[in-house]
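Remarks on the structure that follows.
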Amino acid sequence: MSDLVAEFVVEARELVQSATEDLLVLEAAPADAAALDRVFRAFHTLKGSVGLFDFPPFLAVLHAAEDGFSAVRAGTLAVGAALIDLSLETLDAAALWTDAVAASGRLPPGVEADASRLTGRYRALLGRPSGPAAAGGPGEAPAAGGPGQAPAAAPDWAVPHLAGAASPVHLVRYTPRPDCFFSGDDPVDLVRRLPGLLALRIEPAAPWPPDDDAIDVFACNLVISCLTTAPRAAVDAVVRLVFDQVAVAPVAVAGPRLGPVTAAILSEQARLLGAGGPPDGEAGRRESAAVAAANALRAAGREADAARCAGAAATDGGALARTLADLLRADDGAAPDVAPGVTLGGVAPDGDAVPRGTSDGEAVRGDGTLRVDAARVDALVVLAGELVAARSALGHVAARAQDADAAGLARALRDSDAALGRLTAQLHRGVVSLRLVPLAQVFRRFGSPVRALARATGKEVALTLHGGDIEAEKAVVDGLYEPLLHVIRNAVDHGIEDGAGRAAGGKPAAGRIALRAEAAGDAIVVTVADDGAGIDPDLVRRRAAERGLLGPEAAAALDDAGALDLVFVPGFSTARRVSSLSGRGVGMDAVRAAAARLGGQASIASRVGRGTTVRLVLPRTIALTRIVLVGVGPELYGVPMQAVAEAVRVPRARIVALGDAAATVLRDRTVPVLQLARLLGVPDAAPPPGEARLLVVGTGPERVAVEVDRFADRLDVVVRPLSGLLAGLPSVAGTAILGDGRVLLVLDPADLVAGAGDPGGREADA
């Protein structure tokens, strides 16, 4: 079952997310028939998936939701705030229950009460009375004496061996819907699958029309009543897809008790089955136990139970063990005395289901599932073939090593090395690309929270999404949800003004929050921008001084960018009030910590009265990066090739000093010249005579030349972000390991050049 559960979890999460998005579309455009159909199909498909498992409360809620949107499609119920709110709440509950199933294979405790509450609200919307069936399972059938009375004895049917049937016998009344055939239901087949059937009666639900031509042969007009010795859980398992059409009640049946001798014999057979043994003897043990139990039951006048044991033994040992347990429990309320830790065919002695194939505490993990484009896998297969061919070519070169042509051998080795290097780099990039997923997967999850936050604060907020097609590694995408939720919560609660405040500022009534993603080389930049009141740097300085984070003089000396950066300090908050959403100083520090865990950085910019922008710069993935090695004194540094426009040698006479700066002319453009040694704070050394070696790096539309002492090799390396004490070190993109084991610092040219132009501190983006 674990594989089936894992597939269910993946599909359920996708259906919950798609239904959430379509509900928000439907709320904005209630007449959108396509959105309505998508919501209905999502609930219908999710109900079908849940129906594969024994989750009656989950199934009950989804069935009620499906009824609600079926009524909307039929025109008997209008799309309104009540239905949208209830359906979003249902999807939130479905997501929580799915997570519980993923973790333990079971629904969480207390789910019956939540399911009953949600189902009752749907019934209220549809104008239907609530009843026991709303709690998530088949309702209790009314007793023969009338509603609310205790269950009566079994109906006066001619039932062979009814007096000897195991107690309790259940009365099942099944009234199929008139359109059940169009839903794929087969009422007769469903009743046939009920175990332990003793009697069956089929009657018309309504009088048949006197004229045969008036009978609708496509409508079901039946009431099916039956008696079964199956336990309630077995009945519920069969009728779980039509629970709203079924009522079940226990029926007291007078019959002989087992007696101490018979009970001891059955208990001993159960112990025999639970003790285990050699696999080749399992059939013999099962047959022996079945014969002994059946003989004892016949001697006690329990012919029907003896037949049940024989039938169960024909299935497997687990079925026979469960039958014996049912007989003993029904006789005196006690389960058979089996060995500790032994389960009978996947059912623990207490009756709780034990997922097959999983141990206690083992979680069924669905989060690790990736859906990969087949084209990417095909490309990897082709690349693997090329790699095999290149390996064969290298073997041929090795065979030539016996020849004395050293020069030719060296050329061949370098060619083979270059081919293998190219193929391994492509293979690495291809494998890494399998884990790339679009940011839309996390962006789409914020529609419902923003709506709920706006309603909770009484504000009107519009969320726009941009750049959802940008791809990043799955771990990065998954790790973005929590920090972005903190930022969006702050934006709604404290950034966006209320209606009066926005009107006073000449702003539209609806506040705007833009969630945007952009690619920047091997990084992604995710921004959350709102058009709210913004953050006053002077207020931040005062709060920092009041809370003792900085002295008054130090706080006053901070520039605006430095003051705004204080919002990332743990416990710091500028909120004038503490709400249930934010204001406790917990959130923005978690945002920066989350960005650091993902190997990125977080910054903030704001303008009073214009809004606030939070910017996260994160690595797109851990992939091979081509770098150029440059030397400064005895040290080597790496510079990503995608940041280098060109590498040139320029006569020093062409470099003109301009005060403390320098510049040169390249391709008819004046380009500033900076020295890498000074940018890195390396002690000045005499520049090499003759030509200056310049790396021309691009910073937007501008170009800047960085002088280095020497050019070295070009390499493909894995750049890993800084961590620990070095995390957040400016101008360094990460580290790489060279072939000789040395650690190489890989520079961030854009940050390096920006720092040179802002010696007093980098200004945050507006």
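Before moving on, here are some points about what is shown:
- Between ALA78 and VAL743, the simple label model (points 7 Å from Cα in the Cβ direction) yields a spacing of 6.7 nm.
- Dipole moment magnitude, nearest 20 debye, the stretch 2-137 about Cα centre, only Lys, Arg, Asp, Glu C-beta charged: 460 debye
- Contour minus Cα-Cα distance for ALA299 and ALA205 (0.36 nm per residue): 29.6 nm
- Lys, Arg +1 and Asp, Glu -1 on Cβ, resulting dipole of the stretch 438-619 about Cα centre, debye, nearest 20: 600 debye
- Taking other Cβ atoms within 10 Å as a rough exposure proxy, LEU380, LEU194, LEU480 sort from fewest to most as LEU380, LEU194, LEU480.
- Span per principal axis, largest first, for the Cα atoms of the stretch 259-332 (Å): 33, 19, 17
- For LYS507, a cut-off of 22 angstrom between C-alpha atoms picks up these lysines, skipping any fewer than 8 places away in its own chain: LYS459.
- In range of the label at ALA500: residues from the stretch 425-463 whose backbone nitrogen is under 18 Å from the point 7 Å along Cα→Cβ: 457-460
- Selection from VAL9, VAL25, HIS44, by position along the positive dipole direction of the stretch 2-137 (Cβ): HIS44
- In this simple spin-label approximation, ARG649 and ALA103 carry label points 7 Å from Cα along the Cα→Cβ vector, and these lie 6.5 nm apart.
- From most to least packed by mean Cβ count within 10 Å, the peptides 292-305, 629-642 give 292-305, 629-642.
- Rounded to the nearest whole Hz, the Karplus-based 3J(HN,Hα) values (6.51 cos²θ - 1.76 cosθ + 1.60, θ = phi - 60°) of the stretch 91-106 follow the sequence 5, 4, 5, 4, 5, 5, 5, 5, 4, 5, 5, 5, 7, 10, x, 10, with x at glycine and proline.
- Here the Karplus relation 6.51 cos²θ - 1.76 cosθ + 1.60, evaluated at θ = phi - 60°, turns the backbone of the stretch 55-72 into coupling constants of 10, x, x, 4, 4, 4, 5, 5, 5, 5, 5, 4, 4, x, 7, 5, 5, 5 Hz, with x for every Gly and Pro.
- Estimated FRET transfer efficiency (ARG192, ALA509; beta-carbon r; R0 56 Å; 0.05): 0.35
- On the basis of the beta-carbon distance and an R0 of 45 Å, ALA233 and GLU482 show a calculated FRET efficiency of 0.70.
- Table column - 3J(HN,Hα) (Hz), the stretch 200-215, Karplus curve with 6.51, -1.76, 1.60, x for Gly and Pro: 9, 9, 10, 9, x, 6, 9, x, 6, x, x, 9, 4, 5, 7, 6
- Part-to-part distance (alpha-carbon centres) for the stretch 482-552 and the stretch 7-50, which is given in Å: 32 Å
- Per-residue Cβ neighbour rank within 10 angstrom, fewest leading, ARG678, ARG543: ARG678, ARG543
Readers should treat all values here as calculations from the given coordinates under stated rules, not as data from a laboratory. Predicted model only: the values in this text are computed from it and were never measured. Cβ coordinates were reconstructed from backbone atoms using ideal geometry, including for glycine residues, and neighbour counts include every protein chain displayed.
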